[in-house]
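Every number in this text was worked out from the coordinates using simple rules, so none of it is lab data. This one's a predicted model, so the numbers in the text were calculated from it and none came from an experiment. Using ideal geometry, Cβ is built from the backbone for each residue, glycine included, and neighbour counts are taken over all protein chains shown.
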């Protein structure tokens with residue numbers, strides 16, 4: 001199974017499971033990012049679902065597209081690379097993204113992500129929630 005197939009399996013068969021319920025990933029719609037072309041998000045868990053503690057998101061970045069330089073002043077963010085490849089600039093330091101890499105951005109840290117030639121697929125988490 002190549003990395004894109006792995007992400008598609010994760011997207012279509014994955015679930016967020018906790019005592020008292022679960023969220024099936026295939027039931028959550030994709031939405032286009034409001035600021036970055038070629039970026040789509042699937043809001044798996046929102047703050048409304050857990051009293052404002054955290055949010056979890058699947059992120060697809062099309063080949064050669066990027067989430068430009070930005071900062072979250074009030075949230076810590078993590079990325080878990082599920083599939084694909086790319087480059088992350090985390091607080092001025094380059095991190096090569098490939099499946100299995102995890103990176104974290106404390107609140108206030110400038111970061112950006114650029115997808116490689118096959119795109120990039122992330123599982124992003126925010127504490128407190130992004131939405």
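Select from the range 14-29 the residues that are surrounded by 10 or more Cβ atoms within 10 Å (Cβ to Cβ) and under 17 Å from the mean Cα position of the chain (by Cα) and list them in ascending order. Scanning the range 14-29 gives 14, 15, 16, 23, 24, 25, 26, 28. Inspect the range 114-122 for any residue being under 23 Å from residue 28 (Cα atoms), out of contact with any helix residue (DSSP H, G or I) (no Cβ under 7 Å at 6 or more places or on another chain) and without any contact (Cβ under 8 Å) to a residue 12 or more places away in the chain and give the result as yes or no. Within the range 114-122, none of the residues are under 23 Å from residue 28 (Cα atoms), out of contact with any helix residue (DSSP H, G or I) (no Cβ under 7 Å at 6 or more places or on another chain) and without any contact (Cβ under 8 Å) to a residue 12 or more places away in the chain. Take residue 68 and tell me if it is in contact (Cβ under 8 Å) with a residue 12 or more places away in the chain, assigned to a strand (DSSP E or B), out of contact with any helix residue (DSSP H, G or I) (no Cβ under 8 Å at 6 or more places or on another chain) and surrounded by 15 or more Cβ atoms within 10 Å (Cβ to Cβ). So residue 68 fails the test.
Taken over the range 36-51, the criterion of being farther than 20 Å from residue 120 by Cα and assigned to a loop (DSSP other than H, G, I, E, B) is satisfied by 46, 50, 51.
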